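Undergrad: Sharing a structure here in structure tokens format.
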Amino acid sequence: MATPPFSPAEAQAARLRIGLTHQHISSHMAQLGVRRPPEAVVAWESGAAAPSETELFALADALWCPVPVLMALIPRTLREHRLARQFTQERLAQRIGLDVQEYINAETVHRWTGTDHQTLLLADTLGLQPDELLRIIGHAAKLVDLLRQAVEGRWKAQLTVLARTAGADERRVAHALRTLHQEHARFNERYMGHLVARSENARLKEVATERAQWLHALPDRFWALLGRTPHP
């Protein structure tokens with residue numbers, strides 16, 4: 001298994017902030033069941049070596065420092081979110097009731113195959129918001145497709161699946177879809193109005209461009225209507 005992301009500078013800074021020596025850190029890690037000599041801590045801080053996942057978790061606890069700080073990043077991927085919560089692959093898979101190898105494959109190929117129930121448990125365990133979860137497990141494209149079908153066709157036909165995908169109450173999702181459908185219809189009405197009035201091509205292109213921009217921002221608009229701020 002590849003070593004996790006790690007910042008030697010952040011590790012050293014965290015140790016100095018609490019005024020501990022390499023020996024102190026080594027002793028604290030030993031109390032957590034991870035026995036490494038002080039020289040190992042020196043090697044991590046110098047960049048000569050990198051800690052394993054288990055060592056990273058113990059080091060973070062010994063330093064009283066969040067794992068993401070030691071990784072020097074904002075968690076974006078499934079693996080990074082797992083590391084941030086200090087779960088091994090085996091422990092997380094067990095927590096959500098997924099076969100370990102199936103979970104490992106999800107991290108490796110970035111393709112989620114868990115059931116709806118396992119997906120909800122994953123989100124709860126890792127503290128993920130619905131939009132974050134969809135992006136991380138590679139279902140963001142599915143959401144876009146469902147939303148486009150809803151605004152361009154009969155939105156009620158997509159209500160249940162979109163509510164389940166977004167992890168939101170059907171009534172709130174219905175309000176959002178109804179609003180989006182109406183907004184999309186107004187673009188079509190404006191375009192057809194200009195077409196019938198034989199407006200200049202520049203005006204038709206302007207309306208078409210506005211519609212394209214609106215469709216591009218459709219997921220963000222959907223989350224906003226649900227009262228959620230999309231994550232970057």
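Undergrad: Enter the accessible area of Ser27 (Å², nearest 10), with the probe set to 1.4 Å and all protein chains included.
TA: 50 Å²
Undergrad: To continue, here is another question. Considering the Cα trace of region 149-190, what is its radius of gyration and what is Dmax, both in angstroms?
TA: Radius of gyration, then largest Cα-Cα span, for region 149-190: 10.5, 34 Å.
Undergrad: Rounded to whole Å and ordered largest first, report the semi-axes of the equivalent ellipsoid of the chain derived from its Cα gyration tensor (root of 5λ). Write out the running numbers ahead of the final one.
TA: Working: eigenvalues 471, 82, 36 Å².
They are 49, 20, 13 Å, listed largest first.
Undergrad: Still on this structure, please answer the following. For region 40-110, take N as its residue count and report Rg(C-alpha) divided by 2.2 N^0.38 Å.
TA: Normalised by 2.2 N^0.38 Å, the Cα Rg of region 40-110 equals 1.19.
Undergrad: A further question follows. For the chain, what does the helix formula give at 222 nm: sum of -39500 (n - 2.57) over DSSP H segments with n ≥ 4, over the residue count, nearest 500 deg cm²/dmol?
TA: -20500 deg cm²/dmol
Undergrad: A follow-up question, please. Tell me the chymotrypsin sites (Phe, Trp or Tyr not before Pro) within region 1-92 that lie in a loop according to DSSP and have at most 13 other beta-carbon atoms within 10 Å.
TA: Of the chymotrypsin sites (Phe, Trp or Tyr not before Pro), the ones in loops of region 1-92 whose Cβ has at most 13 other Cβ atoms within 10 Å are Trp64.
Undergrad: Which ³J(HN,Hα) values in Hz, rounded to whole numbers, follow from the phi angles of region 212-224 under the Karplus curve 6.51 cos²θ - 1.76 cosθ + 1.60, where θ = phi - 60° and Gly and Pro get x?
TA: Going residue by residue, I get 4, 5, 5, 5, 5, 8, 4, x, 4, 5, 4, 5, 4 Hz, with x marking Gly and Pro.
Undergrad: Further, regarding this structure: Could you check which residue among Glu39, Glu170, Glu132 shows the biggest mean-square fluctuation in a GNM of the chain with a 10 Å Cα cutoff?
TA: Result for the chain, Cα springs under 10 Å: Glu39 fluctuates most.
Undergrad: What does region 100-158 give for Rg and for Dmax, in Å, if only its C-alpha atoms count?
TA: Just the Cα atoms of region 100-158 yield Rg and Dmax of 13.4, 40 Å.
Undergrad: List the trypsin sites (Lys or Arg not before Pro) within region 1-63 that fall in a DSSP loop (any state other than H, G, I, E or B) and whose Cβ has at most 13 other Cβ atoms within 10 Å. Please report the intermediate quantities before stating the final value.
TA: Numbers: sites: Arg15, Arg17, Arg35; in loops: Arg35.
Sparse-neighbourhood loop trypsin sites (Lys or Arg not before Pro): Arg35.
Undergrad: I'd like the Karplus ³J(HN,Hα) series for region 40-45: coefficients 6.51, -1.76, 1.60, θ = phi - 60°, whole numbers in Hz, and an x wherever there's a Gly or Pro.
TA: With coefficients 6.51, -1.76 and 1.60, one gets 5, 5, 4, 5, 5, 5 Hz.
The values are calculated or read from the model by the stated rules, or taken from the named source; none is laboratory data. On a predicted model such as this, the values are computed, not experimentally measured, just so you know. Note that each Cβ is placed from the backbone with ideal geometry, even for glycine, and that neighbours are counted across all protein chains shown. Protein only, heavy atoms only, side chains kept; ligands, DNA and RNA dropped before computing areas. Shrake-Rupley method; radii C 1.70, N 1.55, O 1.52, S 1.80 Å.
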